[in-house]
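Q: Right, I'll just put the structure down here and ask away after.
Read-outs throughout are calculated quantities, based only on the coordinates presented, and are distinct from any laboratory measurement. Note that the structure is predicted; figures quoted are calculated from it, not measured. Don't worry about glycine lacking a Cβ; one is built from the backbone with ideal geometry, like all the others, and counts go over all protein chains shown.
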């Protein structure tokens, strides 16, 4: 992935008549050349409106959109040279696979010989060359999705825009196609923007993720940064699961939590309390908490702020094959703990256990 910013969005805003709150509120975003950026957020957060403004399907109220250094804010949609994959795929059922993929080339006046060569090449890329003569109704949902992707890629788009293209598919197929779409996008080197409300899709497919809420970008970062170092309670709870505590900052890198006592926190934390005595929210992910038998952990009984250790009682157990999620009552709080499933005995309701974590996994959050 190149460092050059290929797509630049500056102060992009969309207001609709009769509404008080803008659908998109002055957002700034950059997408590097060859990068895949995911726009992630709940329904109504503005992610699809943003994508459609990039595509030219919606006119922004204000702000600018630049692609490859060219301002395309007011350029008509058919002159932007972008490829788009819709949630519904929008394929022509009366045409075969080749004709569906070739449609955009025909609209651009590409000659028949070149059309055929480009369609053949892109169908091979999406592993559908053997189905070139099939009608759309004869294809599975996953195959139809790849036809839609091939149709978008065959025109050599300046940008590839994907609007929740996997949401109509079943869970197992979505998981498989995530990998395929990512591999195809990387092989083509096409700069891409992907809209989704599915956290797993965003984290597994994107180079970077822009988390949106109420028309604004809450945080932008790599999947690792977004998950491990969220900058707010919203991002922490929207991306995965999180244990949250009301904490009082007593010294730099140290907080006091009711029931849990004095705890060390990560020194490189997102929150910056206005005063050392400020009240903030502390967070730790369920996967960052260690769980052990009380007897087996006897050597760890001396807790420190850098590695607190607590005795607790298992409240519930949820086994999903490769993972086990526990709810553990500890010092007046209920912690969510997630561990890798082993062939040994699972902890059951009422079992006494010992939990611990490292201070660098406890982080302070903004509002």
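Q: With the crude spin-label approximation of a point 7 Å out along Cα→Cβ, what separation in nm comes out for residue 224 versus residue 124?
A: About 3.6 nm separates the two model spin labels.
Q: Assuming R0 = 22 Å, what is the FRET efficiency of residue 256 and residue 329, from their Cβ-Cβ distance, to the nearest 0.05?
A: 0.60
Q: Could you give the alpha-carbon Rg of the chain over 2.2 N^0.38 Å, rounded to two decimals?
A: Working it through for the chain, the quotient is 1.19.
Q: Could you state, as a whole-number percent, how many of the C-alpha pairs of the stretch 123-180 are farther apart than 20 Å?
A: On the way: 414 of 1653 pairs.
Roughly 25 percent, rounded to a whole number.
Q: On a 0 to 90° scale, report how tilted helix 141-153 is relative to the longest principal axis of the chain, with both axes built from alpha carbons and the result rounded to the nearest 10.
A: Relative to the chain, helix 141-153 is tipped by roughly 60 degrees.
Q: Sort the following peptides by mean Cβ neighbour count (other Cβ atoms within 10 Å, averaged over residues), highest first: 76-82, 39-45, 61-67, 16-22. Write out the running numbers ahead of the final one.
A: Numbers: 76-82: 13.7, 39-45: 20.0, 61-67: 17.0, 16-22: 8.6.
Sorting 76-82, 39-45, 61-67, 16-22 by mean packing, highest first, produces 39-45, 61-67, 76-82, 16-22.
Q: For the chain, find the longest principal axis of its Cα atoms and tell me its angle to the long axis of helix 171-188, 0 to 90°, nearest 10.
A: For 171-188 against the chain, the angle is about 60 degrees.
Q: Let me ask you something else. Using a 10 Å cut-off on Cβ atoms, rank the peptides 325-334, 355-364 from the highest mean neighbour count down. It would help to have the intermediate numbers written out before the result.
A: Numbers: 325-334: 16.9, 355-364: 19.1.
Result, highest mean first: 355-364, 325-334.
Q: Using Cα atoms only, what is the angle between the long axis of helix 97-107 and the major principal axis of the chain, expressed in degrees (0 to 90) to the nearest 10?
A: Result, in degrees: 70.
Q: Across bins of 10 angstrom width beginning at 0, how are the C-alpha pair distances of the stretch 147-186 distributed, in whole percent?
A: Once binned at 10 Å, the Cα pair distances of the stretch 147-186 give 25, 59, 16, 0.
Q: I've got another one for you. Which order results if 15, 106 are arranged by neighbouring Cβ count within 10 Å, fewest first?
A: Taking fewest neighbouring Cβ atoms as first place, the list is 106, 15.
Q: Counting only helical runs of four or more DSSP H residues, what would the 222 nm mean residue ellipticity of the chain come to if each run contributes -39,500 (n - 2.57) and the total is spread over all its residues?
A: -7000 deg cm²/dmol
Q: Using the Cα atoms of the stretch 149-230, I'd like the radius of gyration and the largest Cα-Cα distance, Dmax, both in angstrom.
A: 13.2, 38
Q: Would you please give the FRET efficiency between residue 87 and residue 267, computed as 1/(1 + (r/R0)^6) with r the Cβ-Cβ distance and R0 = 35 Å, to the nearest 0.05?
A: E between residue 87 and residue 267, to the nearest 0.05, is 0.25.
Q: Now, a different point. In whole angstrom, note down how far apart the Cα centers of the stretch 151-210 and the stretch 324-357 are.
A: Comparing the Cα centres of the stretch 151-210 and the stretch 324-357, I get a distance of 36 Å.
Q: Ok, one more. From Cα pairs below 8 angstrom and at least 6 apart in sequence, can you work out the relative contact order of the chain, rounded to a whole percent?
A: The normalised contact order for the chain reaches 15 percent.
Q: Output the Kirkwood hydrodynamic radius of the stretch 70-207, Cα pairs only, in Å rounded to one decimal.
A: 15.3 Å
Q: Give me the one-decimal nm value for the distance between modelled label points at residue 108 and residue 170, 7 Å along each residue's Cα-to-Cβ direction.
A: Reported label-point gap for residue 108 and residue 170 is 3.6 nm.
Q: Shifting gears a bit: Calculate, for residue 78 and residue 13, the FRET efficiency according to 1/(1 + (r/R0)^6) with r their C-beta to C-beta distance and R0 22 Å; round to the nearest 0.05.
A: Efficiency at R0 = 22 Å is approximately 0.35.
Q: With each pseudo-label sitting 7 Å past Cα toward Cβ, what's the residue 293-residue 62 distance in nm, one decimal?
A: 6.6 nm
Q: While we're on this one: Counting other C-beta atoms within 10 Å, which of 130, 347 has the fewest, and how do the rest follow?
A: Values: 130 10, 347 20.
Starting with the residue having the fewest Cβ neighbours, the order is 130, 347.
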